[in-house]
Structure formats: C-alpha cells, structure tokens
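Worksheet: the structure to be examined is printed underneath.
The values are calculated or read from the model by the stated rules, or taken from the named source; none is laboratory data. Keep in mind that what you see is a predicted model, and the values were worked out from it rather than measured. Quick reminder, even Gly has a Cβ in these numbers, built from the backbone with ideal geometry, and neighbours come from all protein chains shown. Just the protein is used for accessible areas: all its heavy atoms, side chains included, with ligands, DNA and RNA removed. Shrake-Rupley method; radii C 1.70, N 1.55, O 1.52, S 1.80 Å.
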Amino acid sequence: MSPKHPDIIVALTGHDGNAFTVLGRCCQAAREAGLSEDEIAAFMAEATSGDYDHLLQTAMRWFEVA
C-alpha cells in the first residue's frame, strides 16, 4: 500500500524514538512539501489519537518513512 503522500520522505531511522520527535519530523516535512495547515492538523489529530504504535502506523500511511 502506497502512502497518501509518497513524495514526502520523513527520516525516522536512527533517530530518537520519542513521539514528539516523530511528530515534529513529520510536520516539518509536510510544511516543507507545501501541505496546508488544515491537512497537517488532520495528520496530527489522527497520529495522536492512539498509542506510539498508532503514531508510527499513521506516519507510514501518510508519508514515505525512511
């Protein structure tokens, strides 16, 4: 299954596994790619609606995670 935004690559491998770090990297990549603040807010709402595993799964559904 391809992510919603396969052109947005978020580097998570080899970095701190902190949830705030993951959210920050995803939001930064989304802003740099030109996603609207509404779409970023939708990602944040979905990503923070569960546990850490849900956060990672959401990131992988939305972006290309490296």
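A few remarks follow.
- Prolate/oblate/rounded call for the chain, Cα gyration tensor, a/c under 1.5 rounded: rounded
- Segments 42-49, 23-30 sorted - mean Cβ within 10 Å per residue, highest first: 23-30, 42-49
- Karplus-derived HN-Hα couplings along the stretch 29-46 (A = 6.51, B = -1.76, C = 1.60, θ = phi - 60°), whole Hz, x at Gly and Pro: 5, 5, 5, 4, 7, x, 5, 6, 5, 5, 5, 5, 5, 5, 4, 4, 4, 5
- Between Ala33 and Gln57, the contour length at 0.36 nm per residue exceeds the Cα-Cα span by 6.6 nm.
- Carbon plus sulfur fraction of accessible area for the chain, probe 1.4 Å, in percent: 55
- Estimated [θ] at 222 nm from DSSP helical runs (n ≥ 4, -39500 (n - 2.57)) normalised by residues in the chain, nearest 500: -17000 deg cm²/dmol
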